[in-house]
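Quick notes on the structure that follows.
Taken together, the values in this text are just the output of simple stated rules run on the coordinates, not laboratory data. Fair warning: this is a prediction, and the values are worked out from it, not measured in the lab. Reconstructed Cβ throughout: ideal geometry from the backbone, glycine too, with neighbour counts over all protein chains shown.
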Amino acid sequence: MIRVGDAANAPDFPEAAKHALGNAQLRRNVRHATDVIRGKRALVVGETADWQALREAGRRIKAHVLEHLDTYLTRFEENCHRAGGRVHWAADADAANRIIVDIIKSHGGSEVIKVKTMTSDETRLNRALEAAGIAPYETDLADLIIQLGDDRPSHIVVPALHRNRAEIREIFLRGMGLRELGGEPEDLTTAARRFLREKFLRVPIGFSGANFLVAGTGGVCVVESEGNARMCLTLPRVLITLAGIEKIVPTFEDLEVFLQLLPRSATGERMNPYNTLWTGVTPGDGPEEFHVVLLDNGRTKVLADREARETLHCIRCAACLNACPVYRQTGGHAYGSIYSGPIGAILTPQLQGMSHSRSLPYASSLCGACYEVCPVKINIPEILIHLRRRIVEEQGSYLERLAMKGAALAFTDGRWFTRAQTIGRLLQRPFTAGGYVVKAPGPLAAWTATRDLPAMPAQSFRQWWAARGGRA
Ligand code: SF4
């Protein structure tokens with residue numbers, strides 16, 4: 001079953017956003033955190049003389065990969081096998097979860113340490129593990145906060161961004177069963193270190209996501225800031241990686257581009273403190289058994305839509321979230337998906353199906369800030385408009401489709417435009433006061449409830465011009 005977390009059952013964006021906007025603490029936390037990351041990003045991007053050339057290189061590599069995805073995926077599989085790894089193909093979320101549970105069970109495992117894996121939130125892996133009697137432990141600090149707080153991620157890179165320090169202290173006190181804990185960052189990280197270290201040293205099965213899969217070597221790359229992923233990737237005896245099929249890059253050299261774009265865009269760092277690359281298994285060094293599960297879960301559907309396929313270029317840096325005026329007001333939970341912000345607004349409905357999450361392509365002012373900051377130049381505003389068109393064509397009411405056809409006719413033919421103006425002037429009369437349409441009729445009332453809509457003038461420019469005999 002194709003699934004993006006719990007997106008299929010999430011409330012519509014406007015309803016969820018209304019709830020989020022009422023939470024002043026959440027809005028303060030989100031605003032502060034995104035301001036800090038944006039400031040850092042602006043500094044390190046500003047000092048990179050060839051930033052636009054890097055963006056273009058990133059875009060080209062990703063577009064090339066998508067044109068030849070079948071070739072690169074099979075190349076990755078061959079090279080990974082050759083290096084001692086095993087590749088599994090999962091058509092959807094349930095298939096991926098089944099494969100992972102089976103691998104863990106085949107080793108008699110009842111616990112697994114996890115790191116850097118949004119994709120497993122997409123498949124709802126933790127629930128499948130728990131249902132199979134396997135305890136998952138998140139080891140990324142932010143994911144640990146989410147897990148102990150029984151919470152949902154609200155940001156792609158900083159999943160607990162909506163929590164402040166005082167809240168995290170409370171979560172740790174409760175979730176780790178501590179009697180006392182200071183509130184300074186060192187106190188919190190020391191508590192997390194003690195809690196996780198025991199698990200790193202004891203649990204023999206590790207699980208990770210992937211930032212990049214290198215087709216030319218069959219290797220996997222994970223970048224991070226804490227070092228927890230390094231522990232999770234090197235200490236266990238068995239390592240399982242779950243990755244979307246779009247994570248492929250052709251060669252090791254291509255990482256040069258992405259390892260400059262990603263840290264600058266994601267956390268405002270020149271490079272990530274930890275870049276872990278591994279290829280298959282090496283006797284006496286690291287895991288003895290390595291599995292990669294390659295996940296489709298709707299991605300080939302996205303690939304088939306030429307106008308929207310660049311959605312799959314995404315390297316999950318979250319720069320578009322931090323720049324988005326809508327996300328910065330509502331935070332991530334309002335999007336009802338683990339993928340929030342502008343990228344979530346285009347990715348979730350395409351993966352999950354347009355009948356779900358159909359309000360998401362409208363969760364944008366189309367200001368273009370997301371496009372400007374995207375390190376791989378995904379034209380999110382264009383894709384939003386494309387998806388809005390698909391929604392109207394596939395699911396719009398008869399009246400909506402009729403209105404759109406009428407608008408198309410009026411905007412492509414001057415005579416029809418003049419007629420539409422005349423009709424509009426007549427229709428607006430009962431609803432106009434002081435030069436404004438104060439309360440539009442029917443469903444349009446929602447629009448004028450929060451905005452000023454200037455009434456149409458009695459005379460258009462063309463009519464005024466014609467009345468003067470075409471003279472200024
Ligand atoms: S769409 Fe672009 S800016 Fe947004 S997360 Fe993906 S790569 Fe980053």
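Observations
- Near-label residues of the stretch 434-470 by backbone N, under 16 Å of a point 7 Å along Cα→Cβ of Ile423: 441
- Under 22 Å of direct C-alpha separation, and excluding same-chain neighbours fewer than eight residues apart, Lys114 reaches these lysines: Lys105, Lys199, Lys247.
- Calculated FRET value between Ala91 and Arg60, using beta carbons and R₀ = 25 Å, to 0.05: 0.30
- Proximity of backbone amide H atoms, modeled 1.01 Å from N, is registered between Glu111 and Ala135 at under 5 Å, excluding neighbours fewer than 5 places apart on the same chain.
- From the Kirkwood radius over Cα pairs of the stretch 362-454, Stokes-Einstein at 20 °C and 1.002 mPa s returns a whole-number translational diffusion coefficient of 134 µm²/s.
- Label point distance in nm, Arg28-Met354, each placed 7 Å from Cα along Cα→Cβ: 4.3
- Within the stretch 146-262, percent of DSSP bridges classed antiparallel, to nearest 5: 35
- Mean sequence separation of contacting Cα pairs (under 8 Å, at least six apart), scaled by the length of the chain, corresponds to a relative contact order of 21 percent.
- 0 to 90° range, to nearest 10: angle between helix 93-106 axis and the chain longest Cα axis: 10
- Among beta bridges that DSSP assigns inside the chain, antiparallel share in %, nearest 5: 35
- Sorted from longest to shortest, the spans of the Cα atoms of the stretch 294-349 along the three principal axes equal 33, 18, 18 Å.
- Karplus-derived HN-Hα couplings along the stretch 329-335 (A = 6.51, B = -1.76, C = 1.60, θ = phi - 60°), whole Hz, x at Gly and Pro: 8, 9, x, x, 5, 4, 7
- Each residue of the stretch 115-123 was assigned a 3J(HN,Hα) from its phi angle through the Karplus curve 6.51 cos²θ - 1.76 cosθ + 1.60 (θ = phi - 60°); the sequence is 8, 6, 9, 5, 4, 6, 5, 4, 8 Hz, with glycine and proline shown as x.
- Rounded to whole Å, sorted largest first: equivalent-ellipsoid semi-axes of the stretch 154-256, Cα gyration tensor: 32, 17, 11
- Relative to the dominant Cα principal axis of the chain, helix 51-67 is inclined by about 80°.
- Residue-by-residue Karplus 3J(HN,Hα) for the stretch 152-166, coefficients 6.51, -1.76, 1.60, Hz, glycine and proline x: 10, x, 10, 8, 6, 9, 10, x, 9, 4, 7, 9, 9, 4, 4
- Where a label projected 7 Å from the Cα of Thr234 along Cα→Cβ would reach, residues of the stretch 281-297 with amide N under 13 Å: 285-287
- Length released on extending from Arg193 to His19, taking residue separation times 0.36 nm less the Cα-Cα span: 59.2 nm
- For the stretch 54-205, average projected area of the Cα convex hull in nm²: 12.0
- Approximating the spin labels as points 7 Å out from Cα along Cα→Cβ, the His68-to-Ser397 distance works out to 5.0 nm.
- For the stretch 303-421, the Rg and Dmax computed from alpha carbons only, in angstrom: 16.0, 49
- Helix 185-202 axis, angle to the chain major axis (alpha carbon atoms, nearest 10°): 50
- Counting only Cβ charges, +1 for Lys and Arg and -1 for Asp and Glu, the dipole size of the chain around its Cα centre is about 2020 debye.
- Rounded to the nearest 20, the size of the Cβ-charge dipole of the stretch 336-472 about its Cα centre is 640 debye, with Lys and Arg at +1 and Asp and Glu at -1.
- Shown here for the stretch 152-227: GluC sites (Glu not before Pro) in loop regions (DSSP other than H, G, I, E, B) with at most 15 other Cβ atoms within 10 Å, namely Glu180.
- Cα-derived Rg to Rh of the chain, Kirkwood definition: 1.04
- By the Cβ rule of 4.7 Å, the chain holds the following cysteines without a possible disulfide partner: Cys80, Cys221, Cys232, Cys314, Cys317, Cys324, Cys367, Cys374.
- Estimated translational D of the stretch 43-133 in µm²/s (Stokes, Kirkwood radius over Cα pairs; 10 °C; 1.306 mPa s): 96
- Expressed to the nearest 5 percent, the antiparallel share of DSSP beta bridges inside the stretch 208-329 is 45 percent.
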